[in-house]
Every structure is written in C-alpha cells, then in structure tokens.
Amino acid sequence: MDPVVKHNRPLTLGEMESIARDATREALTGYRQTTNREHLTLGSELTDTQGLFELYIAGERPTDAQVISRAKVDRFSGEVDVEVFLDRL
C-alpha cells in the first residue's frame with residue numbers, strides 16, 4: 001500500500017500498524033541497537049485522526065519503560081512521522 005494516498009474510509013489499526021512498522025524499521029537504520037530485544041513491546045493508541053505506535057523496552061513498572069520510537073500515522077492519508085529516541089551510531 002502506498003502510504004501517502006487519500007482513502008475514502010479511515011485506515012484500520014492493522015493497516016496503520018503495518019505502515020508504522022515499515023517506517024519505524026527504516027527510521028531505526030543508523031541507530032544503536034538495543035541489547036534488550038526480548039523485552040521490546042509495541043503500544044498503540046487510536047484516535048479519530050491518527051494511530052500512535054510506540055516501540056519500547058518494558059520495565060518492571062510502567063514508569064520504568066524506555067520508549068525507543070514513536071510513529072504517528074494519519075488515518076486518512078497514511079502519512080507517517082517517526083521519532084527515534086536512541087543514540088546514532
């Protein structure tokens with residue numbers, strides 16, 4: 001699916017997750033990889049206008065979680081914006 005195309009209906013959570021996953025994978029290129037890969041978790045939130053997807057390392061408590069990246073996907077255009085919170089190589 002071409003991510004920046006107007007849709008007649010809002011994208012589903014699954015469609016947006018796929019867009020966010022691909023964009024996040026590309027955005028993480030050139031960043032230091034985390035050593036805690038077994039604790040990686042994807043959190044998602046859906047609003048009327050966007051899907052928000054955070055990739056994070058879970059901690060013992062929710063306040064201990066370390067957010068690695070945040071992707072925002074527009075529900076109608078499929079446009080995605082990814083922020084990465086890791087050190088560059």
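Listed here are the residues, each with its yes/no results for (1) free of Cβ contacts under 8 Å to residues at least 24 places away in the same chain; (2) aromatic (Phe, Trp, Tyr); (3) touching an Asp or Glu at 6+ places or on another chain (Cβ under 8 Å).
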site: Thr24; (1), (2), (3): no, no, no
site: Leu28; (1), (2), (3): no, no, no
site: Leu46; (1), (2), (3): no, no, no
site: Gln50; (1), (2), (3): no, no, yes
site: Tyr56; (1), (2), (3): yes, yes, no
Search the range 28-79 for residues being closer than 17 Å to Ser18 by Cα and acidic (Asp, Glu), and hand back the single one that is surrounded by the fewest Cβ atoms within 10 Å (Cβ to Cβ).
-> Glu45
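One residue is enough: does the range 32-53 have a residue meeting the conditions part of a loop (DSSP other than H, G, I, E, B), more than 12 Å from the chain's Cα centre (by Cα), hydroxyl-bearing (Ser, Thr, Tyr) and at pLDDT below 90? Working first, answer last.
Just the residues of the range 32-53 that are part of a loop (DSSP other than H, G, I, E, B), to begin with: 32-36, 47-49.
Narrowing further to those that are more than 12 Å from the chain's Cα centre (by Cα): 32-36, 47-49.
Next, only the ones that are hydroxyl-bearing (Ser, Thr, Tyr) stay: 34-35, 47, 49.
Now drop any that are not at pLDDT below 90, which leaves 34-35.
The answer is yes; a qualifying residue exists.
Here is a check on your reading of the model: is Ala20 surrounded by 15 or more Cβ atoms within 10 Å (Cβ to Cβ) and modelled with pLDDT under 90?
Numbers: surrounded by 15 or more Cβ atoms within 10 Å (Cβ to Cβ): yes; modelled with pLDDT under 90: no.
Taking the combined requirement at face value, the residue does not satisfy it.
The values are calculated or read from the model by the stated rules, or taken from the named source; none is laboratory data. Source: prediction; values computed, not measured. Here Cβ is always computed from backbone atoms with ideal geometry, including for glycine, and neighbour counts include all displayed protein chains.
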